[in-house]
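Here is the structure we will look at, set down as structure tokens.
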Amino acid sequence: EESVSDDLLPSEPVVQNPVKKKQAIQTEIEELTGIIDLAHGLRSDTKAQSLLTALQLGFTSMVELGASRKAIIFTESKRTQEYLHQFLSASGYDGKLVLFSGTNNHRDSTVIYQQWLAEHKGTDRVTGSPQVDRRTALVDHFRQCDGSGAEIMIATEAAAEGVNLQFCALLINYDLPWNPQRVEQRIGRCH
């Protein structure tokens, strides 16, 4: 007799017969292949398209209210952050974006940091801590209202604590965290 493995979940059927086991595996392969085919058939990312609509509506409202044209988009992962950077760059926001994450090592972020270092060389703005200075450089770049700064910051949770973004007029939660307190922390950056 074979004993049931402790690794199996109670809802998983235990298939003893090798023929039935092979059929179950084949059924699962067919199901997964169908899901992959559906994914390949997607031609438009409706969530990203909705983001574009939200940005356009938000920026229109900002003009009407006299608010600064600054929006922060929070996402959960650097992978999504990079995707949004590419998507928004291709959708008319190229050169108007800044990324903020735990590492801040994106090529655009490095360029902004190097320019900031050159501009503030010999001042007390430069702390000597690359991590702190990178964060400050990115926020300063986002804050600029003379057209040379960014209009949109795409940020991970790294920007949800300890970063003052009170000059920002629009907050978009592209991905929602599992903990609602994190949403409050995000809002607190701009409020």
Got at least one residue in region 162-170 being in contact (Cβ under 8 Å) with a residue 40 or more places away in the chain and closer than 21 Å to Asn105 by Cβ?
yes
Members of region 58-82 found to be of a type in the set (S, T, N, Q) and more than 19 Å from Asn173 (Cβ to Cβ), listed by number
Thr60, Ser68
If you scan region 75-94, which residues turn out to be free of Cβ contacts under 8 Å to residues at least 40 places away in the same chain, open to solvent by 40 Å² or more (accessible area, probe 1.4 Å), in a helix (DSSP H, G or I) and not aromatic (Phe, Trp, Tyr)?
Arg79, Glu82, Gln86, Ala90, Ser91, Gly92
Those residues of region 33-69 that are surrounded by 12 or more Cβ atoms within 10 Å (Cβ to Cβ), outside any loop (DSSP other than H, G, I, E, B) and aliphatic (A, V, I, L, M) come to a total of 6
Of all residues in region 76-125, count the ones that are among the basic types (Lys, Arg) and farther than 23 Å from Cys145 by Cβ.
4
So Ile72, is it in a strand (DSSP E or B), in contact with a strand residue (DSSP E or B) (Cβ under 8 Å, 6 or more places away or on another chain) and of a type in the set (Val, Ile, Thr):
yes
If a residue has to be assigned to a loop (DSSP other than H, G, I, E, B), open to solvent by less than 50 Å² (accessible area, probe 1.4 Å) and of a type outside the set (A, V, I, L, M, F, W, C) to count, how many in region 123-170 make the cut?
4
Can you find a residue in region 109-121 that is within 20 Å of Leu88 (Cα to Cα) and buried (at least 19 other Cβ atoms within 10 Å of the Cβ)?
yes
Pairs only if they're at least six apart or on different chains, beta carbon under 8 angstrom, first in region 24-45 and farther than 30 Å from Ser91 by Cβ, second open to solvent by less than 90 Å² (accessible area, probe 1.4 Å); list them, first residue then second.
Ala24/Val15
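The values are calculated or read from the model by the stated rules, or taken from the named source; none is laboratory data. In this text, all values refer to a predicted model and were calculated from it rather than measured experimentally. Quick reminder, even Gly has a Cβ in these numbers, built from the backbone with ideal geometry, and neighbours come from all protein chains shown. Accessible surface areas use protein heavy atoms only, side chains included; no ligands, DNA or RNA. Shrake-Rupley method; radii C 1.70, N 1.55, O 1.52, S 1.80 Å.
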